[in-house]
1. Please work out the FRET efficiency for the pair residue 270 and residue 371, using the Cβ-Cβ distance as r and a Förster radius of 35 Å; give the result to the nearest 0.05.
2. Using the count of nearby Cβ atoms within 10 Å as a rough guide to exposure, how do 397, 106 rank from fewest to most?
3. Okay, helix-only estimate at 222 nm for the chain: each DSSP H run of n ≥ 4 adds -39500 (n - 2.57), divide by all residues, round to 500 deg cm²/dmol; what do you get?
4. Quick check on region 353-495: of the DSSP beta bridges with both residues there, what percent are antiparallel, nearest 5%?
5. Set the Förster radius R0 to 41 Å, insert the Cβ-Cβ distance between residue 255 and residue 495 as r into 1/(1 + (r/R0)^6), and round the FRET efficiency to 0.05.
6. Please state the shape class of the chain: rounded when a/c is under 1.5, otherwise prolate if a/b exceeds b/c and oblate if not, all from the C-alpha gyration tensor.
7. How much length is gained if the chain between residue 403 and residue 565 is pulled fully straight, taking 0.36 nm per residue apart and subtracting their Cα-Cα distance, in nm to one decimal?
8. Would you mind ranking 516, 641 so that the residue whose beta carbon has the fewest other beta carbons within 10 Å leads the list?
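What follows draws every value from the coordinates through simple rules; no lab data is involved. Treat the numbers as computed from the prediction; the structure is a model and nothing was measured. No Cβ is skipped: glycine too gets one built from the backbone with ideal geometry, and neighbour counts run over all protein chains shown.
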Ligand SMILES: Nc1nc2c(c(=O)[nH]1)N[C@H]1C(S)=C(S)[C@@H](COP(=O)(O)OP(=O)(O)OC[C@H]3O[C@@H](n4cnc5c(=O)[nH]c(N)nc54)[C@H](O)[C@@H]3O)O[C@H]1N2
Ligand SMILES: Nc1nc2c(c(=O)[nH]1)N[C@H]1C(S)=C(S)[C@@H](COP(=O)(O)OP(=O)(O)OC[C@H]3O[C@@H](n4cnc5c(=O)[nH]c(N)nc54)[C@H](O)[C@@H]3O)O[C@H]1N2
Ligand code: SF4
Ligand SMILES: [Mo]
């Protein structure tokens, strides 16, 4: 660690944007943080969370010693005792039940270590049960795009004349693409607008603070496939598609046309709530304004028809000539990382039978196995950087499932709802306390940045790669690891790029691929079995799924008419910009910015229920009920309410919205649950009644 005032270039690990930072450290203390003007992700800017990252590092709530449950209570123990206990228990479980009894759960991977943690341990142990929020977060959309093109595209904002922000909220998520950078983050859409692009937002919520939208198209949650199908029908019927591309580069156009027969704008209007005329105009302007790009986001995940929705949106880009052209949706180059040393043992992976095209174990499938013992009973779970107890649909069942584990090990930096249930809690080194790296895509090529260790972890907290290696050593698996330290792990994974940790210590970022090359398909074809854009997917057909994407009615009064009188409203969820998922309500500097969990509802719905802004309201669904604070606003249309997501950790005093969501209906490709769509009713809570927190979490 530098004992100097000079600034160290590193990257933020609080959210996936991984913005460039310059940090000043004096006598081992992180003194100051500012955005790095040279880093292409953020061009010097920081969001409120990044700017306050010191408060997370030095929070009095940080976990500083390993804990083990002894006689029902979590008690401080030595590292040796904690790791020895976990290793012994895991070996015992493998001997008794087989290696597939182990699952590894990690959260939305921010830095690469978040993706890699415990993977090698699991594979070497003999289990392929890797779970987490993958079924809810971008992987379903990637699968949709893969079925059509073979890989996922990113928006290419420069030069775009029309930008559709479709189910994304960059003004709070700071996410303009999945892994791409655009020479800034919160200013990118503004810049596109200033350069003449028209920006259209398709979203159930209007975000008035956003500087950009020229048009807000208000959509009923979960109905985007209907909108996309009607747009496709208009484009096909009016001959607005790129005939040359369709004839040469697609398969199944005739079958697609048949599939679209009934998908009229009138039909879609009745489902989406968008006026028929608006749907036709949107279809015409998207097809005729070239180039046009789509930033589809996480608002399309967390619905039970996400993969088909992503397929339809991918098809829209392809047949209108907006695929792989500057200003359209493009394939940015990404480097290959070195494979894990042990091959993933796929036999007996939970979920491989029901979701053969999805490469992770969807958490609801793990929960099924835990509750029913079918197809077998999982016994142990290692959790890194994740809070599965709060983030999955049907909170009650998630708790029931997790309580069945014989061994729950949680590596976190704070006490969470998940850690509270654990048998062993391991204090993790935080973002500035262990090295890691991130690979970014961009027009200029893919590049790597190093996350530097700039301060020591508090107390006994340790880097995850050391924890993993410590466990592996105790379990006789160390010889499967070509690395012992975090730095050696980075060098190993980056081997194909020929970039090393010491290179990255000298240079803030290193490009590892050439710049983007558009229309590579002209020489190489697409990365699909046919080499073409597959409007009709034989891969989906072979997997027993519909080869042509279609519409499926989500939860709501149309699908559930029996429930409509009791639960007439459709609920969706919102991710507050000043937090990340379930994190940071314990950081006063952030809590001040967003002190409470809100329920947004339209004035018409509020009036009908005698509710005014600031009232405590009970939101009830068939799954459960929670109390939130109301915000009466026309940000949302009538009939739809939006509840804040991410509350419910110990001490935050808020209610977990996943008490209301259901895990019963799932996307047929990936097991996605409707975390963003549920039926509900809202009523005023008398002022003197007590706020109802989430159900008890202790085991
Ligand atoms: N209803 C509803 N449900 C949702 C969503 C929604 O919008 N609505 N969103 C979904 C999506 S997209 C996602 S990605 C998931 C998020 O699901 P998760 O990724 O599981 O949720 P997080 O709250 O980000 O949990 C991350 C945990 O990592 C810990 N942590 C932070 N830094 C470190 C570190 O350096 N080391 C260690 N060891 N731990 C650290 C934090 O304290 C926190 O407890 O939720 C999903 N669930
Ligand atoms: N501050 C902050 N930043 C984050 C995160 C965070 O929790 N906080 N999480 C990170 C993670 S893991 C992710 S996945 C990304 C996500 O980043 P984005 O892809 O930008 O997604 P969200 O911010 O969830 O915004 C989704 C938008 O979709 C809308 N929406 C909901 N349902 C529907 C629907 O049915 N149809 C349509 N068209 N729109 C819908 C919501 O109202 C919301 O405005 O953000 C990352 N960045
Ligand atoms: S957007 Fe904020 S939290 Fe996310 S990486 Fe950038 S500074 Fe960090
Ligand atoms: Mo996510």
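1. 0.40
2. 397, 106
3. Helix contribution divided over all residues of the chain: -7500 deg cm²/dmol.
4. Close to 35 percent.
5. The computed FRET efficiency comes out at 0.40.
6. Rounded is the answer for the chain, as its axis ratio a/c remains below 1.5.
7. 54.8 nm
8. Sorted ascending by nearby Cβ count, the order is 516, 641.
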